[in-house]
1. How far apart, in nanometres, would the label points at Glu43 and Ala146 be if each is projected 7 angstrom from Cα along the Cα-to-Cβ direction?
2. Between Thr61 and Val84, what length comes free when the chain is fully extended (0.36 nm per residue of separation minus the Cα-Cα distance, one decimal in nm)?
3. Provide Thr59, Thr105, Thr78 ordered by accessible surface of protein heavy atoms (probe 1.4 Å), highest first.
4. Using only protein heavy atoms and a 1.4 Å probe, report how much of Val112 is accessible, in Å² to the nearest 10.
5. Got a sec to turn the phi values of the stretch 37-47 into Karplus ³J(HN,Hα) couplings, 6.51 cos²θ - 1.76 cosθ + 1.60 with θ = phi - 60°, whole Hz, x for Gly and Pro?
6. Could you tell me the accessible area of Asp143 in Å² (1.4 Å probe, neighbours in place), rounded to the nearest ten?
7. Top to bottom by accessible area (1.4 Å), largest first, where do Glu117, Glu35 land?
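The values are calculated or read from the model by the stated rules, or taken from the named source; none is laboratory data. Here the structure is a predicted model, which means the values were calculated and not measured. Neighbour counts are summed over all protein chains in view; Cβ atoms, including those assigned to glycine, are modelled from backbone coordinates with ideal geometry. Areas reflect the complete protein model, heavy atoms only, side chains present, ligands, DNA and RNA absent. Shrake-Rupley method; radii C 1.70, N 1.55, O 1.52, S 1.80 Å.
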Amino acid sequence: MKLSTLSSLFVLMSVVSLIAIAPSAFADVTVTNAEGSSTPGCEPNCFIPNPVTIEAGDTVTWDNGDTAAHTATGGSPTDGPSGVFDSSLIMAGASFSYTFDTAGTFDYFCMVHPWMEGTIVVNAAGAADAAAAADAAAAAAADAAAAQAAAD
């Protein structure tokens, strides 16, 4: 085997092994209410982080670190609750968790403080792994082509 072929195989195997041991880009997430979010002025960062991107099957936990009670209610202040999820009141120091089983974009807000709005983006399960594998394969192919061009 030519040296360029061996080096290309080495690069490919390195990329594949990194993908195999790297944690997923998506995982369960904790969203925190910004301190003082019970009064206007925290927009657009009343929920931190915002937006949140997860995979189907992942859980989002809303952690109320503020001094006031809040909700995490699917929907928007304009259209009202969507019925997808609703925490009811989350008292100061308490939390609420919801597992998203369906891909899509889910807006939410605090019913007590309607200026508090957020978005959860749920990708299909395995989407991050498939994208990473495709990127790695493209990078390996480019490296192999460059090595072959250099050898010729």
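1. 4.7
2. On the way: separation 23, 0.36 × 23 = 8.28 nm, distance 1.50 nm.
Contour length minus Cα-Cα distance gives 6.8 nm.
3. Working: Thr59 30, Thr105 95, Thr78 125 Å².
Output order, biggest surface exposure first: Thr78, Thr105, Thr59.
4. 70
5. 6, 6, 10, x, x, 7, 4, x, 10, 6, 10
6. 70
7. Numbers: Glu117 90, Glu35 165 Å².
The residues order as Glu35, Glu117, largest area first.
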